[in-house]
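Heads up, the thing below is written out as structure tokens.
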Amino acid sequence: MNSKIDSFFYNSLKTRFAGSENHPQYQLWLNYAMSTNDRGIEILRTIHNFIPTVKGKRYLDIGSGYGGACIAFASEGAEVVGIDYDEKLLKLAQENHRDHPDLDISFRKIDIMVWGSLM
């Protein structure tokens with residue numbers, strides 16, 4: 001992506017938060033969501049304190065939110081599945097993934113509190 005404006009994720013967030021632009025927390029919400037990939041990189045750095053590489057490993061992100069950790073782990077060659085209960089967040093994670101089309105990530109809607117959904 002050349003800029004934020006070209007980002008599927010950014011444009012989806014702007015649509016998601018449309019109508020909230022005058023809310024005092026609007027910019028905070030937008031900045032937090034946009035920082036998901038940076039936060040994912042920080043999670044990966046912490047993991048590197050325990051294992052040198054995630055390449056070839058499996059990563060399951062329960063409550064994947066905006067998908068930043070999934071993006072980071074897939075960028076380093078992990079096999080990645082992100083699950084979340086919130087369909088709106090899953091759609092945003094998928095838009096984030098669209099900005100990184102070379103990464104193999106599977107996002108799924110699963111309610112981990114419902115036992116049958118895990119089968």
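Read-outs throughout are calculated quantities, based only on the coordinates presented, and are distinct from any laboratory measurement. Computed from a predicted structure; not experimentally measured. Cβ atoms come from the backbone with ideal geometry, glycine included; neighbour counts cover every protein chain shown.
A few notes on this one:
- Sorted largest first, the principal axis extents computed over the alpha-carbon atoms of the chain equal 43, 37, 24 Å.
- Principal-axis tilt of helix 87-98 within the chain, Cα atoms, nearest 10 degrees: 80 degrees
- Three semi-axes describe the equivalent ellipsoid of the range 8-74; taken as square roots of 5 times the Cα gyration tensor eigenvalues and ordered largest first, they are 30, 12, 8 Å.
- Helix-only [θ]222 nm of the chain, DSSP H runs n ≥ 4, -39500 (n - 2.57) each, per residue, nearest 500: -12500 deg cm²/dmol
- Cα-Cα separations in the range 77-119 greater than 12 Å, expressed as whole percent: 62 percent
- Gaussian network model of the chain, Cα within-10 Å springs - most flexible of Tyr85, Tyr26, Tyr66: Tyr26
- Sorted ascending by nearby beta carbons within 10 Å, beginning with the fewest, Val81, Val54, Val114 become Val114, Val81, Val54.
- Model label sites at Asp38 and Met113, defined 7 Å from Cα along the beta-carbon direction, differ in position by 3.3 nm.
- Compared with the direct C-alpha span, the chain from Gln94 to Ile62 gains 10.0 nm at full extension, assuming 0.36 nm per residue.
- Other-chain or far-sequence residues with amide H under 5 Å of Ser64's (modelled H): Ile83, Asp84
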